Structure formats: structure tokens, C-alpha cells
Amino acid sequence: MGQNSLVINVDIGETRVALIENGILSELYVERTRDRSPVGNIYLGKVTRVLPGMQAAFVDIGLDRAAFLHVEDVVREEDFDEMAANVDDDDDSVDEERGSKSKRISRKTPIRDVLKEGQHIIVQVSKGPISTKGARVTSHISLPGRYVVYMPTVEHVGISKRIGNDKERKRLRETIEAFKPPTGGLIVRTVAAGLTKKQLKADVGYLVKAWNETMKKREKTSRAPALLYDDLDIILRAARDMFTEDIQKLVIDTPLEHERLMKFIEDFMPERAGDIELYTGQDPIFDEYGIEDEISRALSRKVPLPSGGYLIIDQAEALSAIDVNTGRFTGKGKDVEETIFQTNLEAVKEIAYQLRFRNIGGLIVLDFIDMERAGHREKVYKALLDVLKADKAKTTAVRISELGLVEMTRKRTRESLGRTLNEPCFFCDGTGHLQSKTTICHEILRQMKREKDHLPGYKIVVNAHPAICDMLQREERHALEEASSRFTRQIVVQPRKDYHLEQFDLAGA
């Protein structure tokens, strides 16, 4: 993995895309056929509940949970009707004069003034379902192409901030203004730098045609919920959004998908067709590139640092916590404060990598090792801000407190990798802890005291996990004998292999 590349593994029912940057696995995307992400899809939804107190509504779009729509993300029905009237079968419609400006609804507008229960509304999924929350949707549609993003509901022309050359920005703006669609706006993406008018026009024409077809389907659809536009799957989406000039090659391991991908590349970026490879090796592609080992390392709770320190990463429902520890790193002849400073600097790089790779979002607390010198705290904070600049997700971070804590946020657009690949342990129910065997033994003895007068016969039979039974008969033998004497009952221990470690019950005999 000595270069920047995209590696795509297509298995039965699951596709994985790995982004390799400078020989390091930077991002991993997983899409399963059974629960493919709805982000980017456009639906005709049905408003099920309007919540004036939240200035929002729940919309049924056909998923397991209703989607959430805020008042700011609503487009009035008459605006969509106007857009539908502008639908043109001619692919050259992008050369027509620009239309009227759509009005964005203010967040102060009462939600009941624009939506009511049972109403049909066109929405696009902007954020997929996360944990127990449903999808976030908007009526402000955006259709991304290879070079531009078309927004049918707003009048705006923008140029990516990452195109820094003022002369090029001016040229692109003048070019895109020349064939702006009659309604809607355009944003020029970073990869469009240096492109000709013909290439940009072709991309815009494709997107306008896709929107026109979506609106025609809306006119023919009377029942909601209904899917109006299905966004590209993860393979073509990766080629469209991630196969930039910085990526030298794209490798895929399935001939059929390779053929489909090549057709897509030849249609939209023929100059990159020579950079697509079909992997034909005997070993699985992720094994060949060392990706499987990297996934296992990067997803463990304890992440080692090169010097010998380590991170502990815990992800809870409301926030994630990352704890920095020196471990066996004791410095190289330096004082304690310098050792702590170097460990924290090293941790900063790994934290930024882990946040991006695991796609951890929401509220995050970083617990650095306490630094007494204010200068060290400032340097670590600046180093953190520098490495976060490379993250595509929006991040904010406050200064390090005297306790060594940093509170930060990272925009969450999809489920984290850990929650995608893992599920709560059925044995501990996700707590990460079990009662100790000693605690369970004493709970059994207390339960005997509660139930002894209601158990028939001369014996009390304890049904429990074999490990618990073994402890009762060995380490807790004297306690069991005392209980037998006190309750004047013989106690029989019955191992049950099918019992959970914390499960037990009592019976009379």
C-alpha cells in the first residue's frame, strides 16, 4: 500500500471500499445489500406528525422509522409545482434563461403554516438513520455529479473553497453562469479545476435530466411513500466522489462489477479509465493489501501509540471519550513533563486518524495527560487543530482545560464504523461488565432466604451456570454449609450449561 488508492471488495451481500492515503488505511465504507444507505435518495413522503414545539415534522418515506424534517428544510408545494412546469425533454435545456428565485422558509415560520398531517411532500435523505434515530430529510434537493452539484430549489452559483486560484475561480464562475439551468443553482466541485466548458456542460446536462425524470415520476405517482430517485450504489459513488486526482488507482476484485465500473468511468471520466484495475490474485483483496489486519487494529478499544503509550476509546450513546495514557513510555532521559508532552503530541495524530477512520461523530471528550506548562497545552491544542484540518467532516474544538480535557464536536452524517460492524454483547447486554461470580453466589444465598418458606420439600435445588456451581462447591463451600444449617434444608447444586453466567433459579424437592 505504498500509494494513494481505492480498494473495493465485493462479496455476497456486502461491499467494502477502503481509501488508502500514503500507504495508510484512512477511511472504510461498508454497504450491505439488505440495509443499503438511503442517503441521497429522493422520496415522495407522507407527513405523519407535525410538532409545533420542535418546529419539525415526521415524514413516512418507507423506512423502518419515520424521517425528521425541520421547518427550514421545507419547500412549499407551489415552488415544486413551478419546478415541475419547467421540466423539458430537451437535454439542452441548460442553455435557457434562469428562472425565478425560490424562497427559503424562515426557521421562525410556524411549521403548521407550511405542513399538515397527511400531506405529500418531496424530500431527500441528507443523513441516514443513526442508532435509534430516523433519517434526516430535506426538501432542498442536491444532486451531485462528478464536477458540479445541482440544487433545483435554490438560486445560487458557488465555487468550491478548495479551488484557491482566483483566476480559475473567476473562469469557472463565468463558465457555469453561461449555461445555468432555468431554475436552481450549481456548486462547482474541487475536481472541476481546469476543466473545459464542454465537460462541465455535459455534467450539468446529466444532472438536469435526472431531476426532470424525477419530477415526471412524481407526476405519475399518487401514493406515498414512494421512491422517486435512487442514488448511485457505493461502488459508483466511490468512483464519483473519491476517485480524485490524488488517487493513483482504483482496484476492484469482481469482474462483473469491474465491467460496470469501467462503463461508468468511460462515460464520465474517460481520462481515468487506465487507472482502473481488476484484482485477480488468489488471496482475498483486503488480505493482499493488509487491510483486514488494519481494520482489526483500528477498531480495538485499546490503540497503541508508537512510543509505547496508548489510547482508550469508549463510544457511548451521547458522547465518545478518548483517554491518553503513557503506558510503558518513560521518555529518553527527559523530565516527566517533557515525556507527557511528547506522548500527548503523538496521541493527537492518532486521535485525528481514529476519528476519521471510525467515523466517530457528535460530542467527543479528549482526556490528555495533565500538562502543568501552559505552553505545552497550547502547542498540543494547535497540533490538534492542524491535524483536524485534513478531516472532511466539520469539527470544532475548545482549548485544553487545566485538567487536560478537550471538548470537541465532529459532524455526524452516518453511523460510526464500530456500530456498523459490531453490536452490543448479548452476554453483558452492552454494559461491558458482568457481576462477579462471588457476587452471584451471595445473591443466590440471599434469594434462598427470601424463598425458603415457599419452596416445598426438604431440599433446595440451585440451578445455575457451571462456573457458579463450581464456586459454590469450592470457595463458597462454608457459606453453603452454613446456609443449609440455618435453613434446615439440604442444598443441591445443579449445573446448567445453557444458563447465562448471571442466571439462576431455585426449586424445592
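The numbers here are math on the coordinates, done by the rules we state, and not lab data. In this text the structure is predicted, and so the values were computed from the model without any measurement. Note that each Cβ is placed from the backbone with ideal geometry, even for glycine, and that neighbours are counted across all protein chains shown.
Normalised by the number of residues in the chain, the mean separation of alpha-carbon contacts (under 8 Å, six or more apart) gives a relative contact order of 12 percent. The mean of 1/r over all distinct Cα pairs in the stretch 301-421, once inverted, gives the Kirkwood hydrodynamic radius of 14.5 Å. Once you have the Kirkwood Rh of the chain from its Cα pairs, apply Stokes-Einstein at 10 °C and 1.306 mPa s and quote D in µm²/s. For the chosen part, D equals 58 µm²/s.
Which entries in the list K116/K217; K249/K382; K127/K201; K161/K198; K349/K392; K127/K161 go over 26 Å, if you measure between the two C-alpha atoms of each? Violating the 26 Å limit, Cα to Cα: K249/K382; K127/K201. Sorted fewest first by neighbouring Cβ atoms within 10 angstrom, I291, I187, I400 come out as I187, I291, I400. As a calculated quantity, the FRET efficiency between Q435 and A318 at R0 = 30 Å, using C-beta atoms, amounts to about 0.75. Between the Cα long axis of helix 197-220 and the first principal axis of the chain there is an angle of about 70°, rounded to the nearest 10. Within the straight-line cut-off of under 16 Å between alpha carbons, the aspartates and glutamates reachable from K437 are D470, E475, E476, E502, D505, sequence neighbours fewer than 8 places apart in one chain being disregarded. Within the same chain, aspartates and glutamates fewer than 8 places from K302 are excluded, and of the rest, those with a Cα less than 13 Å from its Cα are D314, D323, E350. With neighbour counts taken as other beta-carbon atoms within 10 Å, the residues E294, E481, E451 rank, fewest first, as E481, E451, E294. In this calculation the C-beta distance from D11 to R36 is compared with R0 = 22 Å, giving a FRET efficiency of 0.95. Residue exposure proxy: M408, M151, ordered by other Cβ atoms within 10 angstrom of their Cβ from fewest to most, comes out as M408, M151.
The modelled label-to-label distance between R49 and E481, using points 7 Å beyond Cα along the C-beta direction, is 6.1 nm. For the stretch 357-453, the list of chymotrypsin sites (Phe, Trp or Tyr not before Pro) that fall in a loop by DSSP and count at most 12 other C-beta atoms within 10 angstrom reads F426, F427. Tell me whether the stretch 116-268 comes out rounded, prolate or oblate; compute the Cα gyration tensor, take square roots of the eigenvalues as a ≥ b ≥ c, and use a/c under 1.5 as the rounded threshold. The shape class here is oblate. Tally the DSSP beta bridges in the chain and give the antiparallel ones as a percent, rounded to 5. Bridges in the chain are about 75 percent antiparallel.
The angle between the Cα long axis of helix 255-268 and the main principal axis of the chain comes to about 40°, on a 0 to 90 degree scale. Its alpha carbons give the stretch 437-508 an Rg and a Dmax of 11.0, 30 Å.
Filter the trypsin sites (Lys or Arg not before Pro) in the stretch 420-509 to those in DSSP coil with at most 12 other Cβ atoms within 10 Å of their Cβ, and list the result. When the trypsin sites (Lys or Arg not before Pro) of the stretch 420-509 are filtered for loop state and at most 12 Cβ neighbours within 10 Å, R474, K497 remain. Shown in residue order for the stretch 269-274 are the 3J(HN,Hα) couplings computed by the Karplus curve 6.51 cos²θ - 1.76 cosθ + 1.60 at θ = phi - 60°: 8, x, 5, 9, 4, x Hz (x for Gly and Pro). Distance cut-off 20 Å, Cα to Cα: go down the list K197/K263; K167/K197; K46/K394 and report the pairs above it. From the list (K197/K263; K167/K197; K46/K394), the Cα-Cα distance tops 20 Å for K197/K263; K46/K394. As I understand it, the value is the acute angle between the Cα axis of helix 374-388 and the longest principal axis of the Cα atoms of the chain; what does it come to in degrees, rounded to 10? Roughly 60 degrees, rounded to the nearest 10.
Annotation note: GluC sites (Glu not before Pro) in the stretch 392-424 located in DSSP loop regions with a Cβ neighbour count of at most 12 within 10 Å are E402.
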